[in-house]
Amino acid sequence: MPIRNLTTEERYQVILRIDNALSSSLNLDVVLGRVATELKAVLPLDHVALLLINPDEKTYTWTNITSGGEEGLELPGKDIPLEGGTLGWFIEHRRSTPYVIYEDLHRERPFAEDEIVFQRGIRSGVRVPLVIEDEVFGEMAVASFQPNLFTEEMAQFLSEVAPHIATAVANARAYATLQASQEDLYKEALLLRSELKTFSETDFIGSSQAMADLKDMIQRVAMTEVTVLIVGETGVGKELVAHAIHDLSARSDKMMVKVNCAALQDTLLLSELFGHEKGAFTGAIERKLGRFELANRGTIFLDEIGEISMEAQVKILRVMQEREFDRVGGTKTIRVDTRIVAATNRDLEAEVENGRFRQDLFFRLNVIPIRVPPLRERKEDIPQLVEHFVAQYGPGMNRAIKRIDSKAMERLMRYDWPGNIRELENVVERGLVLGSGEVLRFDKQLLGDSQPLTRAEAEEFTTLEEFECQYILKVLERTGGVVSGEQGAARILGMKPTTLQSRMKKLGIQPQRRFKVV
């Protein structure tokens, strides 16, 4: 619908809808995408872009604005100089030039960015300045692949919309700067805290042969530079092993940087691992260092590495092979000297066979595998672990525990602990909260049915996986099918809800099934 056919009331309604879109979020990608949708409803455009002046005040960066599932034009590989560009022109002529119309770039390309957009198929368009407190800080551009499509009335309408967009962009940039500063301070605090944490053998509680073998393996590999893959079930203490390897290594005076690969979506993970350049995407208002750079000459701990996408696997493989990478949106190759320690609760060999994990990356990671034994394989350590957790949590709960009920300890020793040490910790903590007096007892409901199996039951549960399936079903029956929350099965099992759901899927337990509460 061309602008000249819009009445004054229709113009007002379009601007009102744009204002509503701009005020709906502080996320530039979201709000500007909605603005693009509104503009496309009234203008014959194929492309919308935002161009913002960089902090150096000599160049500006181009960011695509897309609506829906559209793909933007390929971004230019470098910043555009203010001198000779449209933004430089607006700064010099702002009071006399509220917009610039270009009718056909095939005939004339007077500005610095004209060649860039022409090479990408753009022929005609309108550019309007974004102004705050009488200062030009950017511009909005609309464009078409066809020549001679934009009129003075269309350009005038865009100049009326521009102040609304300028205010929203300025607010969003200020908010993003504040959030980035808070995030940087938070990350710095975490990294400093990780530097202060040092390894002590007392961190590895237990005198079993399994624990002795684990500590011996840690001591052997720590002083080497080889990549280590820590494998083990959820809740066994894989992160503790990673800290021990770093703290006993020659890199202990440098940072150990942790990345939880399962907690980040793919785009965020790549930015977190490798950093990004200013303008790499909307909201990237400044360059950000990635975790590999922060861990230079130190150690990076890639937790849950079995969860990453194929794209991330390729990039991590490059770092391992070449010791180099590019930031997201960058062209400069960055070299690092970082030791990689990874951890997973998945069977990566099976993941390789199923095509979900690269074989070459698996071989690179699996130089020195360290298996952390589950608690059921070192039950003789349970009394020491219970004493440790009682000493850790008792004072804060005003519980002065002098002894642990012998029958309660027997139940703990009979139980198989699918949630491992994390589950034991939760059980002790809940026992301290729910109990009273100087003797620690445990409600057997905290553990489920931990009585020894009859011979018939033992024959029925022929494999650990079958037993685990039956046990999860029993816990779900007790919780009425609730997985998450304080009364959920994940809490009882000492697992994250996402981990339990993944386990249920693997075991064929349908999450929508109705369970009976017993």
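The values are calculated or read from the model by the stated rules, or taken from the named source; none is laboratory data. Predicted model, so just to flag it, every value in this text is computed and none were measured. Backbone-built Cβ (ideal geometry, glycine too); neighbour counts: all protein chains shown. Areas reflect the complete protein model, heavy atoms only, side chains present, ligands, DNA and RNA absent. Shrake-Rupley method; radii C 1.70, N 1.55, O 1.52, S 1.80 Å.
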Next item on the list: Two decimals is fine: what is log10 I(q)/I(0) at q = 0.15, 0.18 Å⁻¹ for segment 199-341, from a Debye sum with one equal scatterer on every Cα and no solvent?
Entry: -0.77, -1.04
Next item on the list: Please compute P(r) over all alpha-carbon pairs of segment 465-506, binned at 10 Å starting from zero, and give each bin as a whole-number percent.
Entry: 33, 62, 5
Checklist line | Under Karplus coefficients 6.51, -1.76 and 1.60, residue-wise ³J(HN,Hα) of segment 136-141 in Hz, glycine/proline x | finding: 7, 10, x, 8, 10, 10
Notebook entry, point to check: Hey, what's the Cα Rg ratio for segment 293-409 versus the globular rule of thumb, 2.2 N^0.38 Å?
Noted result: 1.58
Check: Ignoring ligands, DNA and RNA, what accessible area per residue does segment 95-176 give at 1.4 Å, in Å²?
Finding: 45 Å²
Next item on the list: Obtain the nm distance between the two label points defined at Val226 and Leu248 by a simple spin-label model: each point lies 7 Å from its Cα along the Cα-to-C-beta direction.
Entry: 1.4 nm
Next item on the list: Convert 25 °C to kelvin, take the viscosity as 0.890 mPa s, use the Kirkwood radius over C-alpha pairs of segment 79-163 as Rh, and evaluate the Stokes-Einstein diffusion coefficient in µm²/s, rounded to a whole number.
Entry: 189 µm²/s
Item checked: Integer Hz, Karplus 6.51/-1.76/1.60 couplings in order for segment 339-345, x for Gly and Pro -> 7, 9, 10, 10, 9, 7, 9
Next item on the list: Could you tell me the largest-minus-smallest coordinate of the C-alpha atoms of segment 375-433 on each of the three principal axes, in descending order and whole angstroms?
Entry: 32, 21, 15
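Between Glu10 and Glu108, what length in nm is gained on full extension when 0.36 nm per residue of separation is reduced by their alpha carbon distance? Write out the running numbers ahead of the final one.
Details: separation 98, 0.36 × 98 = 35.28 nm, distance 3.41 nm.
The Glu10-Glu108 span can extend by a further 31.9 nm.
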Note to self: Just to check I understand the Karplus step: with θ = phi - 60° and J = 6.51 cos²θ - 1.76 cosθ + 1.60, what whole-Hz values come out for segment 306-315, glycine and proline as x?
What the structure shows: x, 8, 7, 6, 4, 4, 5, 4, 4, 5
Checklist line | Accessible area of Asp56 in the full protein assembly, 1.4 Å probe (Å², nearest 10) | finding: 80 Å²
Next item on the list: Round to the nearest 0.05 the FRET efficiency obtained for Val439 and Asp326 when R0 = 60 Å and r is the Cβ-Cβ distance.
Entry: 0.45
Margin query: What does the extension gain come out to for Glu311 and Ala41, with contour length at 0.36 nm per residue minus their alpha carbon separation?
Written below: 93.6 nm
Notebook entry, point to check: Between Phe118 and Thr97, what FRET efficiency follows from the Cβ-Cβ distance if R0 is 22 Å, with the result rounded to 0.05?
Noted result: 0.55
Next item on the list: Compute log10 of I(q)/I(0) for segment 310-369 with the Debye formula, placing one identical point scatterer on every Cα and leaving out solvent, at q = 0.18 Å⁻¹, to two decimals.
Entry: -0.69
Check: Hey, any idea what % of segment 273-373's accessible area is carbon plus sulfur with a 1.4 Å probe?
Finding: 41 percent
Checklist line | Residue list for segment 93-108, given a label point 7 angstrom along the Cα-to-Cβ vector of Glu152 and an amide N cut-off under 16 Å | finding: 96-103
